[in-house]
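The values are calculated or read from the model by the stated rules, or taken from the named source; none is laboratory data. All values reported here derive from a predicted model rather than from experimental measurement. Positions of Cβ are generated from backbone atoms using ideal geometry, with glycine treated the same way; all protein chains shown enter the neighbour counts.
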Amino acid sequence: MKFAHMADLHLGAVSDPKMKDLESSTLERAFRICEERGVDFVIIAGDIFHINIPDLAVVKGAVEVFKRFTDTGRKIYVVYGSHDFSPNSTSIIDILEAAGVVVRVGKPSAEEGKLRPEVLTDGRTGAKITGISGRRSSLEKEAFADLDREYLKQIEGFKIFVFHTGLLEMRKEGEKFDGISQSALPEGFDYYAGGHIHRVFVDRSGRVVFPGPLFTGWGGDLEATVLGERRGFYIVEASQGVKPRLEFVELRPFEGVHKVIDATGKTADELNEELRLWATEVDAAGKVVLLKVHGELSSGRTSDIEFGLIREILAESGAIYLHLNRNALRTREMGMVTAMGESAEEIEGKIFKEMAGSVKGKDGEPVVKEEAAVAKRLLSALRNPKQEGESLEDYYGRLNRDVRSALGILQEGAGIGKGASDRVANAGSDLGGTKAFAPGRRPQAQ
Amino acid sequence: METGMGIGTTDYVGQIVEGDDGELVLREKQGAKLELGDLVVVDNEKVKYICMVSKLTYGSLIHPDRILTSSGSVLEGVNPRLEFPDKDLRIFRQVHVKPLLEVASENGKQSPRAPRSIPEFMSKARMASAQDFSFMEAPKTKVFIGNVRSGSRTLPVEYSMDGERLLSHHVLVSAQTGRGKSNLVKVLLWEAMRHGKFGVLVMDVHNEYYGTTTSKGLKDHPDAARALVFYSRNPPPGQQLLKVNLKSIDPEDLMGVVEFTTAQEETLEQLRRQHGADWASALLAVNEEDESFKKAKGTIRALKRKVCNIFNLRETAAGYECADGVFDLGGMGEETINDMAQALEDGKVVLIDGSSISDDTGLVIASAVLRKLFDRYDGYKSSGVLKEKAQVVVVLEEAPRLLSGAYGDNVFSRIAREGRKFRIGLIAITQLASVIPREILANIGTKIIMGNEMALERRAIAESAAQDLADFDRIIAGLDVGEAIVSSIFSKFPVPVKVPKFEDLAGIGRGPGMEEARAQPAPRKRYF
C-alpha cells in the first residue's frame, strides 16, 4: 500500500492575497502529486484549518481539492488539530465529514473507564486506522493516559495511529511545548502519523513520523521556511511487519529572502537610507521577503522609519510578500524594560515590578496599591480560559469575579473595598475611558 | 501506668543504684526483663530523665566462691535443687542506661534538653510511654520517619522532622544489606511527595521505588500525578522515556565519576572548547591517523573507548549509535536534562530507572541534571530569590566512592561541601560510612543509623553523630530490620525509631485530604 501523510495545513492562516494564493496552490500541488503517485489514501494529522470555523472561501478552495481526490474512490483520513477543534461548537471538520469529504478517525467510546478510539478499515488497502484528535493546550494528553492499549494491541492488520500531539523527546534544546512522552503512544502500530510540530521529524524506528506543515505563512515558521526548513509531506510505502519506506516530498512553497538589520547606534535617517538601498538592490522578484530590524536607534523614533516605502519598493520589484519583524526595534526615547528569567512567570514578575508606579491617577498617586502583585493576579485571572462545558454567561461571570477579586473590587452592593473600586474607576477615565470589564463584554481573544 | 512527675503506684522497672553523668546503673526489678534499647524514664521533681538501656549485667550479693560452689552442686548432681535463700533480693540484673534527655516541667510546659545533671540517687525508673514524648512538636513541613521505639516495642508516637532542615543539611543512611534502607528511602520519598515542595532526584538502581502492577510504589501516592516524574528505558504509558541527547552531557559530568588520566582530561577539555556541546560527536569523529592527533593517538583511542562504554555506543555503518537507546546523537532528548532540572525546581520527585543502565551511566545523567540545577540555583542566589525555590535533594546510593573523591571532585562532593548554600542537599546511602571523608561526614546533619554488624562502620558513624553514641555500639549492632536510631543536629537526643513498612504507609495514606481524595468519585471525562 501507498499512502500520503500530511499535517498542519493551517488553511486560512494568512490574510495577504498573494500568500493566500500560494497557500491554496501549495495544497493543490500536494494533492496532485498524491494522485500522480497513486497513493491509496491520505492522512492529515490535524490542523487542516487555522480555526474551527474558517473563512468560507478558504473552505471552498480546500473542498474542491479534497473532493477531486476523494471522487477517485480514495479517502482522506483526519483528526482534529489543536486549531480546528472546538469543544463547544461545531468544527468545520465535522461539516466536511458530514459531506463525505473527509473521514475523521478515532471517534471515542469509553469502556470500563478506558478510551477505545474507533478503528476504521480502509476499503482499498485493508489498513486499520485510528488515532487521537488534538485539542487546545494539549488537553488530549488525558486521552492518551486513558487509552485501552490492550484493545488496540489485539487488532490485527497493518495499523496506523494518527495523532496531533508533540513528543517531549523530540524537543530541541530550549524548545518549549507541552506534549506526551513517546511511551504514551500505543504499542504495536506499523506507522504513527504525527502532527502539531512544525518541522520534519522521524524517530529512530522510522515509524513515528511528523511531516511538518505544507506551507507556512507567518511568524517563526515563515522565517524557518525562508531559512531553508523543508516543507512538504511524506509518501509512505508499507506492508505489515516491514519497516515503512518513507519518501519526503518537498514542496518548496516559495523562495525566500532573509535580511536582518541591526539598527543599534544608527539614526532614523541612516536606517532609512540603509533600508532603501537594500530594498532597491535585493533580488526579491517572486520571493517572500523576511525583514528583521532590531536594535536601539541613537536618535529618532521608530515611527520615523519608512517601512511603508520599503514595502512599496519591494512590491514594485515583484516580491510576493514582505514579512516585517520590527518587534525588537527600539529608540533611546522609549523607556525599555529588560527582564531576564528562567520562566515566563519570573519575567512577568520582574516586568511588573519594573513598571510599577508608571501609571498614576489624577492625584499623581498610583492607581492601585501593590501594583506588581495586583498585576500578577490580574494576568492570572485573565489567562484562565473558558472551561469545557462552561457556558459563556458562566465564563464571563467567573471572569468578572476573578478580575474584581484581583483588583480588590467587591461585587456591586458590597461596601468594603469601595475606595479601591473608585480609584480603579477613576483610573479608567484617566486612561482614555477604559471601562471596567463587565458581563456580556467579550475579552479580546489572544 | 502513671506518667506524671510524682511517684505513685507506677510499675517500676528498676532503681538507680550507681552511675555517673555518662551512664546510670539500675538494679532491675525482678521480672521487668528490660532489653537493650529500651527507653526508661526516671521521674524527679519538675524534671524527668529519659534513658536508653545500653548494657545488661548480672549483680549478686553472694560471695563468688559460694556462687561457683552452688553451680557445681547443681551441675554435678550433688544437690540439684539447691537454691539461695532470699534469691530475689540477693540475685538481680543490673541495667546500664544512657541518659538521653532531660525534660524540665515548668507551669505545665515541658522543655527538653541534653542532660546536664543526673537524677537523684535511688530514684526509681519506669518504662517510657507515649506521654513522655508530648514535648515533641510537629514540625512545619513534616517528614515522617517512623514511630518512636523503646527496644523492640513501638510507641504510638510519631517522629517527624522538618523537611526543609532535614534535606538541606544532608542525610546519611547507614545500613547493611537487608536492614530496610530501601524501605526507608521509599518512606522518605513518599513523605516528600506529600508536600510537593521538595525536589528529589533518585537514581533507582534496582527499579524498586516506582512500583509495579503487583506491588505498591510511589506511583500509588495520591499526589503522584503532580509530584512524581518517572524516567525509564521502558516506561509505563504516560511516564517519560529515558532519552538523553549527548549534547546535554558536559565532559564535567564525567569527571569524578569515571577515572581519566590527566592527558585524557585535557583532551576532553580541548574538545569542549573547540566543539562546545558537540564534543562527544567530535571525539567520535576524530581520525586518529590525522596529523594533528598523531601524538595523542593513544589518548584519543582510550577516550573513545571510555565514552563508548559509558554511553553504550557502538559503531555502525551509519555512524555511532547508542545500543540501548538511552543516549541520542541526533535530535532526540535535547530537553530531557532541562526537564529533570525543572521538575526538581518545581518540587517533584524525579525517579530514574537505573536498572537497565550501568551505575556510571546513571551517575553521569544525575551529574548533568545537578550541574544544570546548580547553574540555575546559583543564578537565583545572585538575584536573591533562592529561598523561594524548592529545596532539592539527591539520593545517592553507594555514596562512598563518589564522596571520597576517588576519581577527583564531582558534583556530589560539591553538594556535600557547599550544597546547603544553594538549597541542594544529599541523602547518601551506604554500608561503608568509614570510607566517607570525616569532614564530609561531619557536614551531614542527620544520620539515620540502621543495623550494621561491622564494628568499624559502627564506630565511624558513632564518631560523627550529632550526639554521643559511644555507648550505642551494641544497640546498633542489634538493630532489627526497620529499626533505626536517628541522630540529628536538629534533635535533642538520638531517637530510636521503627520505620513503617512502605506497603502499610502506602495503604493507609498520610496527610490532610488524602482519605477525602480517595473517596471522591472520578470525574466524568469527555473525549473527542
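Descriptive notes on the structure:
- Residues of the stretch B:84-120 classified as in contact (Cβ under 8 Å) with a residue 40 or more places away in the chain and loosely packed, with under 11 Cβ neighbours inside 10 Å, total: 2
- Tally, over the stretch A:198-217, of residues that are within 22 Å of A:GLU36 (Cα to Cα) and more than 14 Å from chain B (Cβ to nearest Cβ): 4
- Which listed residue is closer than 30 Å to A:GLU390 by Cβ and outside any strand (DSSP E or B), from A:GLY46, A:GLY38, A:GLY61: A:GLY46
- Of the strands (runs of 3 or more DSSP E) lying entirely inside the stretch B:97-208, those containing at least 2 residues that are small (Gly, Ala, Ser) and under 25 Å from B:GLU453 (Cβ atoms) are B:142-150.
- Count of the stretch B:121-136 residues which are closer than 24 Å to B:ARG27 by Cα and surrounded by 16 or more Cβ atoms within 10 Å (Cβ to Cβ): 8
- Hits in the stretch B:251-287 (condition: in a helix (DSSP H, G or I) and among the hydroxyl-bearing types (Ser, Thr, Tyr)): B:THR262, B:THR267, B:SER281
Residues are listed down the side, and each one gets a yes or a no for (1) at pLDDT below 95; (2) in the same structural domain as B:PRO99 (by TED's automatic domain parsing):
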residue: B:MET1; (1), (2): yes, no
residue: B:GLY6; (1), (2): yes, no
residue: B:ILE16; (1), (2): no, yes
residue: B:GLU28; (1), (2): no, yes
residue: B:GLY31; (1), (2): yes, yes
residue: B:GLY37; (1), (2): yes, yes
residue: B:VAL41; (1), (2): no, yes
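- Only strands (runs of 3 or more DSSP E) whose full extent lies in the stretch A:78-166 are considered here, and the ones with at least 3 residues that are surrounded by 24 or more Cβ atoms within 10 Å (Cβ to Cβ) are A:128-132, A:159-163.
- Looking across A:GLY220, A:GLY241, A:GLY195, one residue alone is crowded, with 19+ Cβ neighbours inside 10 Å, small (Gly, Ala, Ser) and away from chain B (no Cβ under 12 Å). It is A:GLY195.
- Restricting attention to the stretch A:236-251, the residues that are in a loop (DSSP other than H, G, I, E, B) and either modelled with pLDDT of 90 or more or touching a Cys at 6+ places or on another chain (Cβ under 8 Å) (or both) add up to 3.
- The C-beta contact set for the stretch B:234-263 (first residue under 18 Å from B:ASP339 (Cβ atoms) and more than 7 Å from every other protein chain (Cβ to nearest Cβ), second residue in a loop (DSSP other than H, G, I, E, B) and of a type outside the set (D, E, K, R), distance under 6 angstrom, 6+ apart or interchain) comprises B:LEU242/B:VAL326; B:VAL244/B:GLY333; B:ASN245/B:GLY333; B:LEU246/B:LEU329.
- Long-range neighbours under 6 Å by Cβ, at least six apart or interchain, first residue closer than 20 Å to B:GLY151 by Cβ within the stretch B:461-477, second of a type outside the set (A, V, I, L, M) and part of a helix (DSSP H, G or I): B:ASP473/B:ARG458; B:ILE476/B:ARG458
- Residue in the stretch A:134-156 that is away from every other protein chain (no Cβ under 11 Å), touching a residue at least 12 places away in the same chain (Cβ under 8 Å), at positive phi and not polar (S, T, N, Q) present: no
- The condition of being hydroxyl-bearing (Ser, Thr, Tyr), assigned by TED's automatic domain parsing to the domain that holds B:VAL200 and out of contact with any Asp or Glu (no Cβ under 7 Å at 6 or more places or on another chain) holds for only one of B:SER358, B:SER292, B:SER367, that being B:SER358.
- Hey, B:MET122 on the phi > 0 side of the Ramachandran plot and either at pLDDT 90 or above or not aromatic (Phe, Trp, Tyr) (or both) or not: yes
- Residues satisfying the stated conditions in the stretch B:315-343, i.e. within 11 Å of another protein chain (Cβ to nearest Cβ), assigned to a loop (DSSP other than H, G, I, E, B) and not aliphatic (A, V, I, L, M): B:GLY325, B:GLY330, B:GLY331, B:GLY333, B:GLU334, B:GLU335
- Some residue of the stretch A:50-57 being assigned to a helix (DSSP H, G or I) and more than 15 Å from A:PHE3 (Cα to Cα): yes
- Residue within the stretch B:133-156 that is within 12 Å of the chain's Cα centre (by Cα) and not assigned by TED's automatic domain parsing to the domain that holds B:ILE475 present: yes
- Identity of the residue in the stretch A:43-75, surrounded by fewer than 23 Cβ atoms within 10 Å (Cβ to Cβ) and among the β-branched types (Val, Ile, Thr), that ends up farthest from the other protein chains (Cβ to nearest Cβ): A:THR72
- Residue match in the stretch B:255-264 (condition: closer than 22 Å to B:LYS372 by Cβ and aromatic (Phe, Trp, Tyr)): yes
- The residues of the stretch B:48-82 that are surrounded by fewer than 20 Cβ atoms within 10 Å (Cβ to Cβ), among the β-branched types (Val, Ile, Thr) and assigned to a strand (DSSP E or B) amount to a single one, B:THR57.
- Scanning the stretch B:45-60 for residues that are charged (D, E, K, R) and modelled with pLDDT of 95 or more returns a single hit, B:LYS48.
- All positions within the stretch A:167-178 that are crowded, with 20+ Cβ neighbours inside 10 Å and either farther than 19 Å from A:VAL236 by Cβ or facing chain B (nearest Cβ under 8 Å) (or both): A:LEU168, A:GLU169, A:MET170, A:ARG171
- From the options B:VAL497, B:VAL435, B:VAL486, residue that is touching a Pro at 6+ places or on another chain (Cβ under 8 Å), of a type in the set (Val, Ile, Thr) and either assigned by TED's automatic domain parsing to the domain that holds B:LYS55 or closer than 30 Å to B:ILE50 by Cα (or both): B:VAL486
- Subset of the stretch B:174-209 [surrounded by fewer than 22 Cβ atoms within 10 Å (Cβ to Cβ) and over 25 Å from B:ARG420 (Cβ atoms)]: B:GLN176, B:THR177, B:GLY178, B:SER182, B:ASN183, B:VAL205, B:HIS206, B:ASN207, B:GLU208
- Per the listing A:GLU342, A:GLU333, A:GLU388, the residue uniquely closer than 24 Å to A:LEU139 by Cβ, part of a loop (DSSP other than H, G, I, E, B) and modelled with pLDDT under 75 is A:GLU388.
- Residues that are of a type in the set (S, T, N, Q) and at pLDDT 90 or above, drawn from the stretch B:300-325: B:ASN309, B:ASN312
- Identity of the residue in the stretch B:323-346, among the hydrophobic types (A, V, I, L, M, F, W, C) and out of contact with any Phe, Trp or Tyr (no Cβ under 7 Å at 6 or more places or on another chain), that ends up surrounded by the fewest Cβ atoms within 10 Å (Cβ to Cβ): B:ALA323
- Selection of the stretch A:1-28 for residues being at pLDDT below 95, surrounded by 16 or more Cβ atoms within 10 Å (Cβ to Cβ) and of a type in the set (Lys, Arg) yields only A:LYS20.
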